1. Looking only at the stretch 551-566, which residues are more than 15 Å from GLU633 (Cα to Cα) and touching a residue at least 40 places away in the same chain (Cβ under 8 Å)?
2. Going through the stretch 166-192 one residue at a time, which ones are assigned to a loop (DSSP other than H, G, I, E, B) and open to solvent by 50 Å² or more (accessible area, probe 1.4 Å)?
3. Consider only pairs whose beta carbons are under 9 Å apart and that are at least six residues apart or on different chains; among these, list those whose first residue lies in the stretch 586-605 and is free of Cβ contacts under 8 Å to residues at least 24 places away in the same chain and whose second residue is loosely packed, with under 10 Cβ neighbours inside 10 Å.
4. Give the residues of the stretch 422-435 that are touching a residue at least 12 places away in the same chain (Cβ under 8 Å) and either over 39 Å from the mean Cα position of the chain (by Cα) or open to solvent by 30 Å² or more (accessible area, probe 1.4 Å) (or both), sorted by residue number.
5. Which of the residues belonging to the stretch 567-590 are acidic (Asp, Glu) and over 14 Å from TYR638 (Cα atoms)?
6. So, in the stretch 83-131, how many residues would count as being open to solvent by less than 40 Å² (accessible area, probe 1.4 Å), modelled with pLDDT under 90 and in a strand (DSSP E or B)?
7. What number of residues within the stretch 15-44 are within 18 Å of LEU129 (Cα to Cα), modelled with pLDDT of 85 or more and open to solvent by 30 Å² or more (accessible area, probe 1.4 Å)?
8. Only one residue in LYS65, LYS46 is out of contact with any Cys (no Cβ under 6 Å at 6 or more places or on another chain), among the basic types (Lys, Arg) and within 27 Å of SER92 (Cα to Cα). Which one?
Amino acid sequence: MTMYELRIELQSNLCASSGDGFATTIDTDIVADRLGIPYIPARRLKGCLREAAVYIYGEGAIVDKIFGISGDRVTGSLRLDNARIEDYEAFSKMCVENRMCASRVTDLFTDTQASTAVEVSGAAKENTLRFTRYVSKYKAWSPNENLVFCADVEIDDADAMHFERICKALRHIGYKRNRGFGCVKCTLAPKTADKPSFNITNDIDDNKEYVITYAVRFDEGLMLPAQSADQTADYISGQAVVGALVGAYLRTHAADDAFDELFLSGNVRFSNLYITNNEFKTFVPVPQIFGKTKQSNRIIDLTVTERGAEIVKPFKTGYISADLEVKKVLTERVYHNALHDPDGGLYVQSCLQEGQLFMGTISAKGVHIKTITDLLMSGKLSFGRSKTAQYSRCTLVGLDVSLAMPRKLHLHKADKVIYLFESDALTPDDYGGISTAVNDVCHSLGIDSNDLLPESGLKYKMISGYLSVMRMQRTHLKAIAAGSALVINCTKDTEVDEIMYVGGRQNEGYGKVHIFKAGELMKGDAPVLIAPDAEVSDEHSDIRNMFVMLEKDEKMRNAAISYALKKKTSFLNNLGAAFIGRITMMLEQSDTESDFGRRIASIKSDSKRKLADSFIKDAANKWESDPQYKTWEKKREYLFIILTLAKYFHKSHKGGATQ
């Protein structure tokens, strides 16, 4: 496969609809990310590209090979990311640096349009007024240039020529594309794949055990099916990791003996990936032994702290660190439309929100570690559903390979010990089946169920899966859920491994148990990954200048508001509401500062003319030395804010309001 970049240059305004509205003001809204930056979802884009392909080639082998066949176990050769604005990385970074709220960022790119249905007579139909938000075709930071969206594309070399023709044929996308919206110019160009670079030791012994610790960042949302088909899990399972690496391996290798050793033998153990932070701190599912007080919101460990008089609420979801920081995984709703399904229509899915960091481990002999490290560093990773468009794309942001050094826990008689299930577990019974009975669970852990203390608690869940090769679901199994914890008092001095694995499918992330003393959750765990230094670039000066001007505009508006509040009494006593309205109308109609001056000079009453002159001179914008703020456009905006507030003061005063 070769990496390309699909460039989509807007030739008209665009509405890539989200399927939702915005409060009561927008009926049809655009799609925007968590920062408020508009983008074109890959699944919409892929659908439009397929229509263009059918227009050129008709339904047949070429279209099926590139885009795939619905329900087939083999995907098409095309992999397509969401289309982001050009210079997205720089723009998003500056949004964060300048603490821009999402709604304000969206306003930079968008405007609204009203429309109605029309009667035969030409009159508007009743109750048909609708408002649509759209993305302007011009760049916010360079109003004379068209906005460009860019999407990363992977496609087989044999299909690249056909796909380039398809891209050129795509002329219209999005909502109302037959009514003037969504006119685009698409081009395809080769792109050098960005491969991560990490300082990994080459001195790996084939026969020694190693642990890979790695972290990924979501470039797009992730859909990881859970109990319900339209709800996502809040972690990346080891099973999903296996699937992603299998796909990466088979793109360059055959299903050989090495494949069996890596993915089928159970010799390589793939852990679940749980949420982490920018410092790559370790988080685990919140254990049953922890709760939060209702009144003071304190997090307490019930094995070492009495409940007291406060009500203690259990954690239903979330992940906790050694210093008792609790994180919740962020999800979002995504709307889709099954256009070609006769029983379809608009449907909703939840997915993991982009931009989050997740971390996990892979354990194996050195001979396997070398291959897996190469697979992880070969490019972007894809987990979960819809790997070819819109979802699943991740970037490796942290990687460390170290010798496996099992840590020992020294226990003394009467120590309170917790056995925490860090992942779901399929514990066996005496007959080779799966059991969630307390006695069988305790037997798997090597403890006596009679020694369990009241703080112990088990949670349960149903797990399944899907075998894509056989096109059938896996058997539903009842498992011990992650976060379950069994508590005992140690009966003798002993030494145990801090980490143990129990039950089946350990190579897919199941059965990990962490043993620790009461009050010492993950004691001694330190981050093994180091966050990479942020790259600082002097490029994109036009974008940076825009943010500088936005900050100055905000200061100007605040200065105008402060002045109006300071002069509130003067406005009420000296300037009548009608007079303020007259000055405001003159301001709106003036094209230049001299034109405004002539209109003020035309006031016949000497007293009112002097009053207007005095107000304008007193309110003159002196706060900003930048020449841009000496222009008439900025001066008019400054004065208009002051006059609008003055008008509001009169209205409030007339209505009897005190503020």
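1. GLU551, LYS555, ALA559, ILE561, TYR563, ALA564, LEU565
2. Result: ARG171, TYR175, ARG177, ASN178, ARG179, GLY180, LYS191, THR192.
3. Cβ pairs passing all conditions: MET586/SER602.
4. As a first pass, look at the stretch 422-435 and keep what is touching a residue at least 12 places away in the same chain (Cβ under 8 Å): 422-428, 434.
Those that are touching a residue at least 12 places away in the same chain (Cβ under 8 Å) and either over 39 Å from the mean Cα position of the chain (by Cα) or open to solvent by 30 Å² or more (accessible area, probe 1.4 Å) (or both): PRO428, ILE434.
5. none
6. The total comes to 1.
7. So the answer is 1.
8. LYS46
The values are calculated or read from the model by the stated rules, or taken from the named source; none is laboratory data. Source: prediction; values computed, not measured. As a convention, Cβ positions derive from the backbone with ideal geometry for all residues, glycine included, and neighbour counts pool all protein chains shown. Areas reflect the complete protein model, heavy atoms only, side chains present, ligands, DNA and RNA absent. Shrake-Rupley method; radii C 1.70, N 1.55, O 1.52, S 1.80 Å.
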